[in-house]
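Structure first, commentary second.
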Amino acid sequence: QVQLVESGGGLVQPGGSLRLSCTASGSIFSIVPMGWYRQALGEQRELVASVTTNLITTYADSVKGRFTISRDIAKNTVALKMNNLKPEDTAVYYCNRAPSGLNYWGQGTQVTVSS
């Protein structure tokens, strides 16, 4: 059974940091690239960071140098460390297969950057 559970979001001031966590259930997630996506209100979902099974990472230009993705394949977990957060980072964040997610999505975790 496939399941994705995201956590770690919250309200943070501009310049602050958060660490998101994702626990994936289902063997498929240990053999595919994984990514963090976000969807702001009224916007399309976008991929912001991904990591392959060989731990090669890629980032969207908007988060490069501020976000760091990591994964523990043995534990089937994926994390996203976000530093120097900006108001435009406000969104619901999801983890899923990258670069295109499965039809199933978790509930996501809300990140709000505001003073």
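The values are calculated or read from the model by the stated rules, or taken from the named source; none is laboratory data. Since the structure is predicted, the reported quantities are computational estimates derived from the model, not experimental observations. We place every Cβ from the backbone using ideal geometry, glycine too, and count neighbours over all the protein chains shown. The accessibility values were calculated without ligands, DNA or RNA, using every heavy atom of the protein model including side chains. Shrake-Rupley method; radii C 1.70, N 1.55, O 1.52, S 1.80 Å.
Structure data summary
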item	result
Neighbour cut-off at most 11 other Cβ (10 Å), DSSP loop, trypsin sites (Lys or Arg not before Pro), segment 72-115	K75
Paramagnetic reach from Q110 (point 7 Å along Cα→Cβ, amide N under 20 Å) across segment 71-94	82, 85-94
Residues of the chain: accessible area per residue with a 1.4 Å probe, Å²	53 Å²
Test item: Cα-centred dipole of the chain, Lys/Arg +1 and Asp/Glu -1 on Cβ, debye	220 debye
Anchor K64: lysines whose Cα lies under 21 Å away (excluding residues fewer than 8 positions away in-chain)	K81, K86
Cα-based equivalent ellipsoid of the chain: semi-axis lengths in Å, sorted from largest, via gyration tensor	22, 14, 12
Carbon plus sulfur fraction of accessible area for segment 32-104, probe 1.4 Å, in percent	51 percent
Solvent-accessible surface ranking, highest first, for Y93, Y104 at 1.4 angstrom	Y104, Y93
Near-label residues of segment 1-28 by backbone N, under 17 Å of a point 7 Å along Cα→Cβ of A74	24
Shape category assigned to segment 12-75 from the gyration tensor of Cα positions, a/c cut at 1.5	prolate
Per-residue HN-Hα couplings for segment 72-85 [Karplus 6.51, -1.76, 1.60; θ = phi - 60°; Hz; x = Gly/Pro]	10, 5, 4, 9, 6, 10, 9, 10, 9, 8, 10, 10, 6, 5
Tensor-based shape of segment 54-113 (alpha-carbon gyration tensor, a/c under 1.5 rounded, otherwise prolate or oblate)	oblate
